[in-house]
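S.K.: Sharing a structure here in structure tokens format.
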Amino acid sequence: MTEDLSPEQTRAEPGAPAPSPMGQLIRYCLIGVTGASLDAVLFWLMTRAGVYYQLANFISVTCGIVNNFFLNAFFNFKTKNRLLRRFCSFYAIGMLGWGVSALLLWLFIEKWGLQPFTSKLMIIFIVTALQFTLNKTITFARKAGGAD
């Protein structure tokens with residue numbers, strides 16, 4: 001039933017003005033910080049507990065993806081329609097980011113001898129830029145004509 005709602009119908013308050021693109025970008029970045037922080041803290045805790053760094057990376061990235069999707073969908077883009085499709089897109093892009101981060105972790109740790117947590121912090125910035133671009137243009141893109 002909610003599949004065909006317009007952007008106006010997906011806002012929290014009827015008649016509220018559409019959010020500005022700059023406001024969405026700022027909220028996206030702030031939400032990204034929460035997900036990246038969750039990702040980094042979980043990664044650090046698990047590797048300190050002896051979990052293999054690649055497994056820790058997969059788990060921590062997945063937690064960050066789920067966190068970021070729901071915060072972006074409900075609080076940033078205020079999207080209530082096509083949530084399963086949007087989540088699948090967001091998760092697929094997140095898994096692409098995980099693949100890039102896994103490859104870079106291997107390179108930084110195994111080939112360059114860097115510490116796992118230092119490597120993870122550097123990689124988060126690279127992967128975040130990639131994921132922002134893809135999610136903005138694919139997952140949360142508006143249909144032509146402004147309809148969601």
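S.K.: Just one of (1) outside any helix (DSSP H, G or I); (2) surrounded by fewer than 18 Cβ atoms within 10 Å (Cβ to Cβ) trips up K78, so point out which.
M.R.: In the conditions (1) outside any helix (DSSP H, G or I); (2) surrounded by fewer than 18 Cβ atoms within 10 Å (Cβ to Cβ), K78 misses (2) alone.
S.K.: Residues of the range 81-114 being surrounded by fewer than 13 Cβ atoms within 10 Å (Cβ to Cβ), modelled with pLDDT of 95 or more and aliphatic (A, V, I, L, M), which ones?
M.R.: L103
S.K.: Do you know which residues across the range 1-38 are farther than 15 Å from F70 by Cα and at pLDDT 90 or above?
M.R.: Residue satisfying the conditions is S37 alone.
S.K.: Follow-up question, since we're still on this one. Considering only the range 61-74, how many residues are closer than 13 Å to G97 by Cα and touching a residue at least 40 places away in the same chain (Cβ under 8 Å)?
M.R.: Residues in the range 61-74 being closer than 13 Å to G97 by Cα and touching a residue at least 40 places away in the same chain (Cβ under 8 Å): 1 in total.
S.K.: Picking from F77, F87, which residue would you name as being touching a residue at least 60 places away in the same chain (Cβ under 8 Å) and in contact with a Phe, Trp or Tyr (Cβ under 6 Å, 6 or more places away or on another chain)?
M.R.: Sole residue among the options that is touching a residue at least 60 places away in the same chain (Cβ under 8 Å) and in contact with a Phe, Trp or Tyr (Cβ under 6 Å, 6 or more places away or on another chain): F77.
S.K.: Report, by residue number, each residue of the range 81-99 that is in contact with a Leu (Cβ under 7 Å, 6 or more places away or on another chain) and over 17 Å from T128 (Cβ atoms).
M.R.: Listed by number, the list holds a single entry, N81.
S.K.: Return yes when L114 is on the phi < 0 side of the Ramachandran plot and outside any helix (DSSP H, G or I) and no when it is not.
M.R.: When the stated conditions are applied, L114 passes them.
The values are calculated or read from the model by the stated rules, or taken from the named source; none is laboratory data. These figures come from a predicted structure and were not determined experimentally. Glycine gets a Cβ as well: all are built from the backbone with ideal geometry, and neighbour counts include every protein chain shown.
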